[in-house]
Amino acid sequence: MDRGIPTEEVLTEMQQSETPIYYLVGTPKGRLNKLESQLLPLPWEKVRESLNVKLLKQDKELYVLACSNSRQAKERAMRRRRLKQYWNRLKELRSQKLNRDQLLMKIGAAKKQAGNASKLVELSFPAPHQAVTPDTFSFSLYKDKLRTIRRQEGQYLLRSNLIGENASTLWKYYIQLVEVEQAFKNLKSDLLCGRSIIKKIQNRGAHFCGVPVLLSSGDAAAEIEGSGSGFNRAIYPGEVCLNSTGGCSSADYGWQRASIATIYRTG
């Protein structure tokens, strides 16, 4: 299974594989626009307190439209805030004494800050040799676009070949994929953190042998003895040793032998 947005070629390869491959993937926003007319008449099915889904079977695939109340509230608040800021900025620019080129530059900066909210506003610019006045520079809302955006806020469309599964099971699969993806992100972050610290230490002239050792929270505390220093203590889950024996040597920089660096503690 995958939670990303694969290409059609990858999906076709999985569908035609001799060994059955099941997937649950995201879709581009444009796919929701194409299927919206078929999804609108379908009933919502409540999966949990703040989540509803619709299921649409098409050919050998199943489309899952999910609508989260919390996500909808968050996206709506962000869109309103950015649209209001953009609208107020346009009012300010219309009242300023600017030529057309200056106006276009300032509007470009305002659009960048507003993001997708800027696409909800229709702009009418003055001609190249006209002055910028309230009569020559005007703006208005795209009301049809705004209605569509409001209707789709908090919604995301998934795509799967698990046609026989119900909505609750598909959502459990999706949550599992989210958790697995987050676990990989955390692991990658921990490893990058360890590599960064060791690289910095090596650049300062310290010399270490071996590689970082990350103990997971399920491991028992490991007893590591430093060579020649009498150092002896437990390494707890989540700690990273700078080498496999717990020892390091850098007399020039005053580093103690058999020192242990805690980069990230999970427990």
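Give me, ordered by chain and number, the residues 5 or more places off residue 121 or on other chains with an amide H under 5 Å from its own placed amide H.
Result for residue 121 returns 142.
In which sequence would 137, 184, 125 go, from the one with the fewest C-beta neighbours within 10 Å to the one with the most?
On the way: 137 20, 184 10, 125 15.
Fewest-to-most ranking of 137, 184, 125: 184, 125, 137.
Work out, in µm²/s and without decimals, the Stokes-Einstein translational diffusion coefficient of the range 1-165 at 4 °C, 1.567 mPa s, Rh from Kirkwood over C-alpha pairs.
68
Can you sort 111, 188, 145 by how many other beta carbons sit within 10 Å, fewest first?
Working: 111 17, 188 10, 145 13.
Starting with the residue having the fewest Cβ neighbours, the order is 188, 145, 111.
If packing is taken as the average count of other Cβ atoms within 10 Å, what order do 166-174, 62-70, 127-135 fall into, highest mean first? Let's see the in-between values first.
On the way: 166-174: 16.6, 62-70: 18.2, 127-135: 11.2.
Most protected by this proxy first, the peptides run 62-70, 166-174, 127-135.
What's the extension gain from residue 140 to residue 124 if we count 0.36 nm per residue and subtract their Cα-Cα distance? Spell out each step's value before the answer.
Details: separation 16, 0.36 × 16 = 5.76 nm, distance 0.87 nm.
Extra length available between residue 140 and residue 124 comes to 4.9 nm.
Report the net charge of residues surrounding residue 94, where surrounding means a beta-carbon distance below 12 angstrom and charges are Lys +1, Arg +1, Asp -1, Glu -1. Display every interim value, and only then the final one.
Values: positive: 89, 91, 97, 106; negative: 92, 135.
So the environment of residue 94 carries a net charge of +2.
If you average the C-alpha positions of the range 12-28 and of the range 139-190 separately, how far apart do those two centres end up, in angstrom?
18
Coordinate-derived values only; no laboratory data. The model shown is predicted, which means the values in this text are computed figures rather than measured ones. All Cβ positions, even for glycine, are placed from backbone atoms using ideal geometry, and neighbour counts span all protein chains on display.
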